[in-house]
Amino acid sequence: MAQPENLLYSKEHEWVKIDGETATVGITDYAQNSLGDIVYVELPRVGKAIEQFGNIGVVESVKAVSDLFTPVGGEVLEINGALEADPAAVNRDPYGAGWLFKVKLKDTGEKSNLLSAQDYEKIAHDV
Amino acid sequence: MSTSSGLRRTALYDEHSKHGARLVPFAGFEMPVQYSSILKEHDAVRHRAGLFDLSHMAQFVLEGPNVAPWAETLTINAVESMKPMQARYNIFCNAQGGAHDDTIFYRLNQRWLLVVNGANADKMWAHLNANLAEGVRLENLHGRNALIAIQGPKSLAMLQPHVDVDLAGLKYYFCAEGNVYGRPAVIARTGYTGEDGFELFVFGDHAPEIWAALLRDNAGEGLEPCGLGARDVLRLEAGMPLYGHELTEAITPVQAGLQWALKTSKPEFIGRNALVEQMQRDDYPRIAGLIMKGRAPAREGYAVYYEGKAVGEIRSGSMAPSVGGQNIATALLSRDAATEGSTVEVDIRGTRHEATIVPLPFYKRTK
């Protein structure tokens, strides 16, 4: 599956949509497919300061616990509360209803450390 | 068959890789962990039926006049009282009462089949040979013969048209020698999912055609190929132990709550004294069932606390679709903590999460 062109990506299989000084973060379609049925997502508290590429939570499938890294640093503005009751939304709609959290960016320049859809596509095929 | 990675392949490897199974190393074999999705496969087994490749488990043939009295001395459950074509769960223990392996004996007309866990195949083959007696011959069919399980409420209806055995007349934990799609098979009403179902012992050469034919002829009825991921959730819900988790060389059948399989009326077998003494003392850590109160899953190895004290650890854990989607787990806990109805705490990444101790099994099918 092609990655949405309007997003940026991390090597750890997160996507980020940057809108001015705020960013929305999720995991890619490749990541949700690799993990399998997602049963639990643990996200940072609203207000927490997070660093780019820091380990800030977990995504758990039936079989395994996987660390979640943030592709951008800043302050957590909002988390997707709907995932508590319906974590499978990450499987069904990873770029839409399955978004994870929003960040107030500390440094918009961090996006130069991220990958374009084309560059991410190469990684997602290699692993 | 084996690959450069040193992993072996079952007779059904090509079927798995052709049909999109996700393969992982397990017990020295490349085995499917899932085909479509663990939750979809789980749902198929609970409501329709699922097909499993269990050829990584080792099949040993036991022959000779002394098989039953010999096996009595190595196992905790009764062997000689088995009727022809009966199957029985049994455990081989070490001298301290820990479990070498949990197994199933199948008493056929002229021979016995012993099915042992794939991960214990080499250890068990060595154990049997080290303790061999006169009048007992062993043959190791591991990796040669195949084992296919069809499990779920529709498994009888799906399998019956293709076998020459009356399946409705086959009682639970009995087997028959017959044919599946015209190929010789031992057909047993056994399983590891908590549902009705059958296990088919067939020649490896015949396994791919039987596997493909069952899927083709029952696709409309909802038969799904399933992996070991779904099997683990199904067995945990049904309260069945998995070797390496609820039973180990250090965790005895008494600790695992398997006293029903322990026949202390047998005068002598390896581990008997230790197990009897342990039962009498009744002070041992034991396997208990837990249901998490919150949404965070408990996983193997997580520490468990009771009244502020560390009292044990999680041995298996999963989200359980057949237990209302709650997170269930087994834990090895001190006796005082392992009381039904008590509240314990599970340490998940540094935070304590409450769980309730419940009786096993978590799930029982409605008959």
Any pair with Cβ under 7 angstrom, 6 or more apart, that starts in the range B:51-71 at a residue that is on the phi > 0 side of the Ramachandran plot and ends at one that is surrounded by fewer than 23 Cβ atoms within 10 Å (Cβ to Cβ): B:Gly64/B:Gly135; B:Gly64/B:Val136; B:Gly64/B:Arg137
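Among the candidates B:Asn131, B:Asn109, B:Asn145, B:Asn140, single out the residue that is touching a residue at least 24 places away in the same chain (Cβ under 8 Å) and surrounded by 18 or more Cβ atoms within 10 Å (Cβ to Cβ). Full working, then the answer.
Details: B:Asn131 fails: surrounded by 18 or more Cβ atoms within 10 Å (Cβ to Cβ); B:Asn109 fails: surrounded by 18 or more Cβ atoms within 10 Å (Cβ to Cβ); B:Asn140 fails: surrounded by 18 or more Cβ atoms within 10 Å (Cβ to Cβ).
One residue alone meets the criteria, B:Asn145.
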Note on A:Lys17: of the conditions (1) more than 14 Å from chain B (Cβ to nearest Cβ); (2) assigned to a helix (DSSP H, G or I), unmet is (2)
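Step by step: first the residues of the range A:78-93, then only those that are part of a loop (DSSP other than H, G, I, E, B) and at the interface with chain B (Cβ under 10 Å from one of its Cβ atoms), then the one that is surrounded by the most Cβ atoms within 10 Å (Cβ to Cβ). Which residue is that? Lay out the reasoning, then the answer.
Within the range A:78-93, the subset part of a loop (DSSP other than H, G, I, E, B) is A:80-81, A:86-88, A:93.
From the residues that got through so far, the ones that are at the interface with chain B (Cβ under 10 Å from one of its Cβ atoms) too are A:87-88.
On the way: A:Pro87: 21, A:Ala88: 16.
Only one residue fits best here, namely A:Pro87.
Does at least one position in the range A:46-54 carry a residue that is within 14 Å of chain B (Cβ to nearest Cβ) and out of contact with any Lys or Arg (no Cβ under 6 Å at 6 or more places or on another chain)?
Looking only at the range A:46-54, we keep the residues that are within 14 Å of chain B (Cβ to nearest Cβ), and these are none.
No; the residues of the range A:46-54 include none that is within 14 Å of chain B (Cβ to nearest Cβ) and out of contact with any Lys or Arg (no Cβ under 6 Å at 6 or more places or on another chain).
For the structure I just gave you, tell me whether B:Arg88 is away from every other protein chain (no Cβ under 14 Å), in a helix (DSSP H, G or I) and modelled with pLDDT of 95 or more. Walk me through it before giving the result.
On the way: away from every other protein chain (no Cβ under 14 Å): yes; in a helix (DSSP H, G or I): no; modelled with pLDDT of 95 or more: yes.
Here the answer is no, as B:Arg88 does not meet what is asked.
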Cβ-Cβ below 6 Å, separation at least six or inter-chain, first residue in the range B:85-103 and closer than 24 Å to B:Val165 by Cβ, second basic (Lys, Arg): which pairs? B:Gln86/B:Arg107
Residues A:Glu5, A:Glu75: which one is of a type in the set (Asp, Glu) and touching a residue at least 60 places away in the same chain (Cβ under 8 Å)? A:Glu5
Verdict on B:Arg231 being among the charged types (D, E, K, R) and touching an Asp or Glu at 6+ places or on another chain (Cβ under 9 Å): yes
For residues in the range B:290-313 being among the aliphatic types (A, V, I, L, M) and in a loop (DSSP other than H, G, I, E, B), which is farthest from the other protein chains (Cβ to nearest Cβ)? B:Ala298
Answer yes or no: is there a residue in the range B:345-360 that is surrounded by fewer than 22 Cβ atoms within 10 Å (Cβ to Cβ), over 25 Å from B:Glu307 (Cα atoms), within 14 Å of chain A (Cβ to nearest Cβ) and in contact (Cβ under 8 Å) with a residue 12 or more places away in the chain. no
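Considering the range B:148-182 alone, what residues qualify as being of a type in the set (Lys, Arg) and surrounded by fewer than 17 Cβ atoms within 10 Å (Cβ to Cβ)?
Hit for the range B:148-182 is B:Lys171, nothing else.
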Being in contact with a Phe, Trp or Tyr (Cβ under 8 Å, 6 or more places away or on another chain), surrounded by fewer than 20 Cβ atoms within 10 Å (Cβ to Cβ) and either under 27 Å from B:Gln110 (Cα atoms) or within 14 Å of chain A (Cβ to nearest Cβ) (or both) is the requirement here; does B:Gly20 meet it? yes
Selection from the range B:314-330 of residues farther than 16 Å from B:Ala296 by Cβ, in a strand (DSSP E or B) and not polar (S, T, N, Q) yields B:Arg315
Sort out for me the strands (runs of 3 or more DSSP E) sitting completely within the range B:152-240 that have 2 or more residues that are more than 14 Å from chain A (Cβ to nearest Cβ) and of a type in the set (Gly, Ala, Ser). B:175-180, B:183-188
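Which of the residues that make up the range A:57-77 are within 14 Å of chain B (Cβ to nearest Cβ), part of a strand (DSSP E or B) and either surrounded by 22 or more Cβ atoms within 10 Å (Cβ to Cβ) or in contact with a Leu (Cβ under 7 Å, 6 or more places away or on another chain) (or both)?
Initially, the range A:57-77 is screened for residues within 14 Å of chain B (Cβ to nearest Cβ), giving A:57-68.
Checking which are part of a strand (DSSP E or B) leaves us with A:57-61, A:65-68.
Passing the criteria: A:Gly57, A:Val58, A:Val59, A:Glu60, A:Ser61, A:Ser66, A:Leu68.
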If A:Tyr9 passes every condition in (1) touching a helix residue (DSSP H, G or I) at 6+ places or on another chain (Cβ under 7 Å); (2) over 15 Å from A:Leu68 (Cβ atoms) but one, which one does it miss? (2)
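Being more than 28 Å from B:His47 (Cβ to Cβ), at pLDDT below 95 and either within 14 Å of another protein chain (Cβ to nearest Cβ) or not in a strand (DSSP E or B) (or both): is that true of B:Pro253 here?
no
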Out of all the residues in the range B:256-289, which are part of a loop (DSSP other than H, G, I, E, B) and either within 30 Å of B:Gly324 (Cβ to Cβ) or within 17 Å of the chain's Cα centre (by Cα) (or both)? B:Ala256, B:Gly257, B:Leu258, B:Pro285
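Each row is one residue, and each column tells you yes or no for (1) over 12 Å from the mean Cα position of the chain (by Cα); (2) over 30 Å from B:Lys40 (Cα atoms); (3) without any contact (Cβ under 8 Å) to a residue 24 or more places away in the chain.
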site: A:Ile27; (1), (2), (3): no, no, no
site: A:Val39; (1), (2), (3): yes, no, no
site: A:Gly47; (1), (2), (3): yes, yes, no
site: A:Ile50; (1), (2), (3): yes, yes, no
site: A:Asn55; (1), (2), (3): no, yes, yes
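The values are calculated or read from the model by the stated rules, or taken from the named source; none is laboratory data. Note that the structure is predicted; figures quoted are calculated from it, not measured. Cβ: placed from backbone, ideal geometry, glycine included. Neighbour counts: every protein chain shown.
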